[in-house]
Amino acid sequence: MSTLAVESGSVFRSTTGGAAAETAVTPCTHCGLPVPSGLLRAGAERQFCCHACETAHHAICGSGLEQYYEHRRAGSHGVLSPARSSGNRYEAYDDPAFADAYGAARPDGLRSTTLALEGLHCAACVWLLERVPSVMPGVVDVRVDFGRSHVTVVHDPRSVSLSKVARFMDRLGYTSHPLRDGSAREARLHHDRSALIRIAVAGALFGNAMVISFALYGAKADGMEPAMRLFLHGVSAVLAGGSVLGPGWVFFRGALASLRVRALHMDVPIALALSVGLIHGVTNTIRGSGEVYFDTLCTLVFLLLIGRWIQQKQQRSASDAIERLFSFCTSAATLVEGDATRVVPIEALRGGDTVEVRAGESVPVDGEVVRGHSTVNNAFLTGESAPIEVMPGETVAAGSVNLSSPIRVRATATGRGTRLGQLMALVAEEARRKAPIVRMADRIAAWFVAVVLALAAATFVFWLSHGVEAAVEHTVALLIITCPCALGLATPLAIVAALGRAAREGVLIKGGDVLESLAGRGTIVLDKTGTLTTGQWRVVEYHGDERLKPLIAAAERGCAHPAARALVGAFGCGEMQGPPVTLRNVVGGGIVAEVGSTELTIGSVRFVRERHPNAA
């Protein structure tokens, strides 16, 4: 048996290495990304960049869903990436506590569960997932919300378990996670449906009112019988009344609520303008003289509702980004019961329980290590990506990732009582609290509305000498044009959009006041390198025998340490097939692996030299 030693210091350098020369590549049959040269199969028609892509391809073709690839080629697939099959068994999905927390029972005995998904890229992914009921008996319906990366699964628990459905989606490359706060999500969906119905009704009324207005405007040049003009005015009045008192009633409801709390809101001038314009138009229709602006009223209601929908969608997108940031935290734990273990949802854990955390898993509780010696990554909580060594007697926090060896942790806090749970509660509270600049905008908007109403009254009195019709027209124009939408909507929208964008980039900001403080002059103190960097290690320069690279990748492919991931990413695919590997991990030092007939020592310089004193 030959023996080879690899020092970490000879692989990772702080200097910047040159880029590798470009070579001809073979695309992966599943995802289209280049296939590493070590995974090319001579003479094979189908080539895969990793084992996960190969598994997903076989699962798709084996289920008769080959049309997925045609749908993907027909559309724009965006940025491609290899399939991420986690290999998770999802046993916690079948626990009654999980079903009660994240699912809903239906009267027909079926269960509906909404999950967050990783790996959605395009419409072809939606098509593939929504065909799952055709290949899995017991699955009644699968609906994908592409914008939010959610999937709703309706299944018969007597025929198929939710964990089996999740494993099938995982084999396709779509890793699922439970969604928290399902009741609030249902309320939001109901609110969204109501808003869309209002927009649809307002749009239909607006379209018909505009058709009639074309005829009326044309009649000014070509003439029209008075009876026909009166009829069209009457129909327009009905359409405008339906628009103002139907979909537009939300503005009146907001104005009434504003008056009840004695705080002027921008709905007040909108509601006043709509009501005055409608009354004025109906009066002129009955009188048979004067201008009517029923089409303008319908247009105003339609456009204002669309504007509010856009604002709400932006706010919803921001909150969804923050929600997804926490949804990808662990949802299950391995509970130790005597000499046995079983997987349970984290909702079933209580203080004093002992859980087992394997290498690569997230710690589900705050607690004390009672068995094992390992390293953990606290980047999710602290931003620092450097591993921290833990041993019996030391504490670990929920959200930390165990990197090296299995450990057992006795829970001191679970669920919302953990540091991570408190962080989530803090973010939710800060998201509801308005930033100082938003509160200032609200105060200015209230005074602005009061001034606008006073100017409207003055305008009416001034133009009254020119006639009631002229006074009403100028007053309504003032009320509508001076609506402080930019002041009352743009400021909070900008804050929410910034928080959402940061969450999508993995940055959690405590509140809008933090963003406001960054706009001023001052000093920023950064206490961790992970705050400025990506937090991911990569190989920038390598010195040694090129033949060692695939052996190093094979030895490190089962390790969760950041250094191991960097080596696998640089030297081979983490799912590559190769010689058998026997691995022994030394906490705080490195690993000793037997790859086929070759022994590798990979770790720090001190660790390698302790085992091989004559190593260079």
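Shape summary: segment 97-169 maps onto an equivalent ellipsoid whose semi-axes, from the alpha-carbon gyration tensor, are 20, 14, 10 Å in decreasing order. Lys and Arg at +1, Asp and Glu at -1: add these up for the other residues within a Cβ distance under 15 Å of residue 234 and post the number. Here the count lands on 0. Taking all protein chains as they are arranged and a probe of 1.4 Å, the heavy atoms of residue 149 leave approximately 30 Å² accessible to solvent. For residue 465, the accessible surface of its heavy atoms amounts to roughly 100 Å² (probe 1.4 Å, protein chains only, rounded to the nearest 10). The order of the peptides 40-46, 386-392 by mean Cβ neighbours within 10 Å, most packed first, is 386-392, 40-46.
Could you tally the net charge around residue 408, taking each other residue with its Cβ under 9 Å from the Cβ of residue 408, Lys/Arg +1 and Asp/Glu -1? For residues surrounding residue 408, the net value is +1. The listed residues 426, 300, once ranked by accessible area (1.4 Å probe) with the largest placed first, stand as 426, 300.
In terms of packing, defined here as the mean over residues of other Cβ atoms within 10 angstrom, the peptides 359-368, 54-63, 451-460 line up highest first as 359-368, 54-63, 451-460. Accessible area per residue was computed with a 1.4 Å probe on protein heavy atoms; residue 505 scores about 130 Å².
The values are calculated or read from the model by the stated rules, or taken from the named source; none is laboratory data. Just so it is clear, the model here is predicted, and its values are computed rather than measured. As a convention, Cβ positions derive from the backbone with ideal geometry for all residues, glycine included, and neighbour counts pool all protein chains shown. Side chains included, ligands, DNA and RNA excluded: accessible areas come from the protein's heavy atoms. Shrake-Rupley method; radii C 1.70, N 1.55, O 1.52, S 1.80 Å.
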